Every structure is written in C-alpha cells, then in structure tokens.
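I have placed the structure first, in the form of structure tokens, so that the comments after it can refer back to it.
The values are calculated or read from the model by the stated rules, or taken from the named source; none is laboratory data. The structure displayed is predicted, hence computed values, not measured ones. All Cβ positions, glycine included, derive from the backbone under ideal geometry; neighbour counts span all protein chains shown. Surface accessibility is based on the protein's heavy atoms, side chains included, excluding ligands, DNA and RNA. Shrake-Rupley method; radii C 1.70, N 1.55, O 1.52, S 1.80 Å.
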2 protein chains.
Amino acid sequence: MTTTEDARDKVERKRRMPRAERERQMVAVAEEIFAERGYLAASMDEIAERCGVSKPMIYEYFGSKEGLLIACIRQARTELVNSISQSVVGAEEAEDALRRAARAFFEFTDGHRRAWSLLLINEAAVAGPAALDEIEAVRQEQVELDIALFSAFLPDTPRRDLEVAAQIVVGACERLSLWYVAQEDVSAEEAADYLMRMLWSGVAAMVHPRETPGDTRPHG
Amino acid sequence: MTTTEDARDKVERKRRMPRAERERQMVAVAEEIFAERGYLAASMDEIAERCGVSKPMIYEYFGSKEGLLIACIRQARTELVNSISQSVVGAEEAEDALRRAARAFFEFTDGHRRAWSLLLINEAAVAGPAALDEIEAVRQEQVELDIALFSAFLPDTPRRDLEVAAQIVVGACERLSLWYVAQEDVSAEEAADYLMRMLWSGVAAMVHPRETPGDTRPHG
DNA sequence: GGAAGTAACCTACTCGCGGTAAGGTTGACT
DNA sequence: AGTCAACCTTACCGCGAGTAGGTTACTTCC
C-alpha cells in the first residue's frame with residue numbers, strides 16, 4: 001500500500017529518531033516535567049509518554065532517573081556558563097567584568113527558569129549523591145570563574161582571600177536572584193547594580209587592603 | 001512470673017512512651033537518618049525500627065514522610081533561631097550585632113551539622129511544596145532578623161534597600177558556612193570577620209548613602 | 001530484490017517502599 | 001472487675017523505578 005500510514009501525517013507523530021536526537025528530546029521533556037512537578041512527583045512513565053516512546057528507552061540511554069536528572073543539570077550548566085562567559089568579553093577592569101557577569105546571571109535565572117530551578121539544588125539532593133555533586137560542581141565553577149576574574153585584574157592577593165570573596169559573591173548572587181525574580185519592578189541590571197553597591201567596596205578592600213578607613217581586619 | 005521479662009532489663013528496651021516523648025524520639029531518630037542517608041534513601045521502616053516501634057505509629061503522629069521531615073526542620077529552625085537570638089543580646093551597634101549573629105550562625109552550622117543539613121534545602125524540595133515552604137520560611141526569618149537589626153540601629157533607610165542588604169547577607173552566610181566547615185584551620189570567628197570585612201562597608205554605604213565616592217546608584 | 005545485521009523500540013513483568021485497615025494490648029480510673 | 005482511651009501491631013494495597021526478552025524497521029551488501 002502506497003499510503004504507508006493512515007492518519008499519521010499529523011505533524012510527524014511517532015517518528016523513529018536516531019539516538020542523539022532522541023536524547024536531546026528526552027532531556028528537553030524531562031527538564032520541563034522536573035521543573036513543573038518536582039523531581040519526586042515526576043514519573044518516568046509520563047516522561048516517556050510525552051516523548052512518544054516507552055520507558056525502557058530512557059533507561060537504555062540514561063541508566064536511571066538520577067542519570068536523566070544529571071543530564072538535565074549538565075545542559076543547564078552549559079547554558080549558564082555560556083551566557084556568563086560571553087557577557088564578560090570586552091570588559092577592561094574587574095569591577096566592570098563582575099557587574100556584567102552578575103547581570104548575565106540574573107538575566108539567565110529570570111529567562112531560563114526551568115533550567116535554573118534544576119540548578120538551585122532544590123531538586124537535586126533528592127536523587128542521590130551524584131546529582132548533588134553535579135550541582136556543587138556548577139557552583140564551584142562559578143567560584144573559580146570569580147576567582148579567575150578577580151585575580152586576572154588584581155594580582156598578588158592571597159588565594160584564600162580571593163576564595164572567600166568568590167564564595168560570598170556566589171552566595172549573594174544566588175539569594176539575590178531568588179529575591180529579584182519575585183519583584184516585578186526590578187530589572188536584571190538594577191539587581192546587578194544593587195549587588196555591586198553592596199559588594200564591590202568590600203571586594204576591593206579585601207583584594208588590595210590600602211586606604212580603607214576604620215578597617216578592623218581580623219588577625220593577620 | 002515475677003521476672004516479667006527475660007533479657008528486657010537491657011537499658012529499658014521496648015518501653016511504652018507517652019505521645020510527646022515518643023514524638024521527640026522519632027524526630028531525633030529521623031533527623032539522624034535523614035542526615036545520614038538522605039531523605040529519599042531513608043525508609044520509614046528503618047526509622048520505625050530504630051525507634052523500637054512499628055511504622056503506623058509514625059503515620060499516626062506525623063501523617064506522612066514529609067510531615068516527619070517538616071517536624072525535623074521546625075526543630076532545627078527553633079534551635080538556630082535561639083542560638084542567633086541569644087548571641088546578639090548586649091550588642092550596642094549594628095556592626096557588632098551583625099558580627100555576633102554571623103559568628104553564632106557559623107558556630108551553629110559547624111556544631112549541629114545534622115540539623116543544618118536539613119535546613120540547607122538539600123533534603124527539602126524532594127518532599128513536596130510544604131517542606132520547601134518550611135525551608136524558605138527559615139531563610140525569610142533570617143532576612144527579617146537582619147532587616148530588624150539594620151533598621152533598629154540605622155533608621156530612615158528605604159525598606160527595599162534593607163531587604164536587598166539582608167538577602168545578600170543571608171546568601172553570603174549560607175555559602176560561606178559551607179566553605180568554612182570544609183576548612184580545618186578557620187574558626188567561626190574568623191569566618192565572621194571575613195564576612196564583615198567583605199560586607200560591612202557595603203551595608204553601611206547602602207544604609208546611609210553619604211560620602212560614597214564614585215557612587216553610581218541604579219535609578220531612583 | 002532479498003538476506004543479514006543492527007539500531008530503535010515495545011510488552012509485561014518484579015520489587016521496594018510509602019501509606020492504610022483493622023484489630024490487639026496495657027494501664028488508669030471508677 | 002469493668003470500661004475506656006492511648007499505645008501499638010500485623011498484614012495488606014498501589015504506585016512507580018527498574019528489567020528481561022522479544023519485535024520492528026532501517027541500512028548494507030550481494
């Protein structure tokens with residue numbers, strides 16, 4: 001019969017796909033369902049069904065529910081890193097670079113809420129240690145990025161001071177992003193400005209501790 | 001038979017307990033198992049067994065696994081709030097109060113790791129929206145505490161500025177606490193000093209924005 | 001065109017765990 | 001002694017993660 005299928009011309013339903021393409025689709029669908037129902041409430045059967053495929057296919061490609069989550073996290077991480085990396089090219093001093101990076105970060109969290117919710121550790125620890133490690137790796141990457149950024153523009157500063165500054169910046173960004181997406185009248189740029197107003201003087205003071213009045217430094 | 005039981009004199013095993021006491025025991029055991037295995041891997045049967053009781057008792061008292069988790073979170077929250085509240089009595093200016101609060105916070109996260117791991121949202125979002133709300137309530141309480149602390153010592157500052165400052169402080173504390181417990185040669189006091197060095201000048205500048213050179217405030 | 005090989009896919013199952021129904025035991029108070 | 005309530009148990013259900021084993025369709029080579 002020439003008409004190989006009957007009503008199957010309906011926008012290419014039930015197509016067979018090569019592995020790479022199917023994997024991409026599965027990750028996209030999973031990201032959506034994880035974000036919408038939460039990791040626990042999301043069922044593998046539902047994800048499979050929305051892919052137009054049966055459950056064992058997902059296990060074939062990703063091994064486990066946690067494996068699928070990790071794939072989603074990895075993708076979100078890549079997107080985030082790309083956004084931030086692109087935002088800092090062209091910056092000529094540390095302050096400018098940090099402001100740009102912060103702005104890109106806030107824009108990302110606002111625009112890619114699904115992806116961001118996966119990175120928020122919210123849905124991770126549930127799945128086992130591997131997913132948690134994956135999330136911590138994302139944060140550590142942020143920290144390293146900040147350290148690189150500081151030390152590139154402001155050398156000869158103790159590693160530990162850089163690390164502390166970076167940890168604080170990352171923590172502040174994370175919390176501030178949650179606050180800012182809840183406010184309707186605050187833009188990513190304003191959020192970044194708030195952050196810089198609060199943090200930059202401290203970063204600068206820590207990084208080259210000169211001419212800081214009323215400075216009560218800890219010990220050494 | 002006078003010997004009502006045989007080998008039951010072994011440190012009061014299988015005693016009957018009044019509800020309040022049993023509930024306390026269950027929360028203590030659950031906190032331990034949640035922290036040690038993670039929420040998902042922790043089984044209600046195991047918790048029941050370690051309590052020397054059968055599973056339906058837990059459901060009788062806490063309704064669900066999530067309910068038990070929430071009870072644990074509430075208790076950890078109470079302990080944390082008590083620690084911080086006590087630490088700030090006697091402070092006479094905002095800077096001192098914030099430093100004491102930060103120090104108490106770091107000491108708590110180091111000393112009560114089990115309790116703290118529950119508050120770290122790590123184990124929460126898994127359980128459903130209620131547990132997540134419970135965790136967010138803890139953070140919001142921290143934020144309110146900071147706002148109260150700032151505004152008590154430094155009045156006539158826009159509410160929004162206080163809120164931003166508080167969010168940043170909370171985020172920074174959270175991240176810094178994770179960093180500091182991993183370092184063996186950093187005390188809670190030093191961590192608090194780091195925090196103050198990085199943040200205080202920004203907080204002070206935001207709270208009364210005078211004589212801040214190069215100040216590019218956002219918009220209004 | 002057809003056999004052979006392989007990549008994509010499915011049906012039908014097991015099993016562990018959260019949650020529950022229905023009933024048993026113990027002690028306090030009359 | 002009898003009763004009532006609080007404490008506690010055994011024995012089950014259903015759902016969803018994960019799997020064993022077979023089927024379909026596309027490519028390749030003659």
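A few comments on the model shown:
- A simple count of charges around A:Q140, restricted to other residues whose Cβ falls under 12 Å of its Cβ and scoring Lys, Arg +1 and Asp, Glu -1, yields -4.
- Inverting the pair-averaged 1/r between distinct Cα atoms of segment A:6-156 gives 17.2 Å as its Kirkwood hydrodynamic radius.
- Apportionment of accessible area to carbon and sulfur, segment A:74-207, percent (1.4 Å): 49 percent
- Copy-to-copy label separations for A:R24, where each label sits 7 Å from Cα toward Cβ, in nm and ascending: 6.0
- Charge dipole (segment A:74-207, unit charges on Cβ, about Cα centre) - positive-most of A:S117, A:S187, A:V203: A:S117
- Qualifying lysines (Cα of each under 27 Å from Cα of B:K14; at least 8 residues distant if same chain): B:K55, B:K65
- Each part gets one Cα centre, and for segment B:54-125 versus segment A:65-106 those centres are 32 Å apart.
- Electrostatic bookkeeping for A:L178 treats Lys and Arg as +1 and Asp and Glu as -1; over the other residues with beta carbon under 10 Å from its beta carbon, the sum is 0.
- Area hidden from solvent between B and A (accessible, protein heavy atoms only, 1.4 Å, total, Å²): 4200 Å²
- Label points for B:E49 are taken 7 Å from Cα along Cα→Cβ. From this copy to the others they lie 3.5 nm apart, shortest first.
- Protection proxy ranking of A:169-180, B:151-162 - average other beta-carbon atoms within 10 Å, highest first: A:169-180, B:151-162
- Summing Lys and Arg as +1 and Asp and Glu as -1 over all other residues whose Cβ lies under 15 Å from the Cβ of A:Y59 gives a net charge of -2.
- Delta accessible area of at least 50 Å² on complex formation, residues of segment B:159-197, 1.4 Å probe, chain isolated as reference: B:R160, B:V164, B:Q167, B:I168, B:R175, B:W179, B:Y194, B:R197
- Taking every alpha-carbon pair within segment B:54-102, the share separated by more than 18 Å comes to 52 percent.
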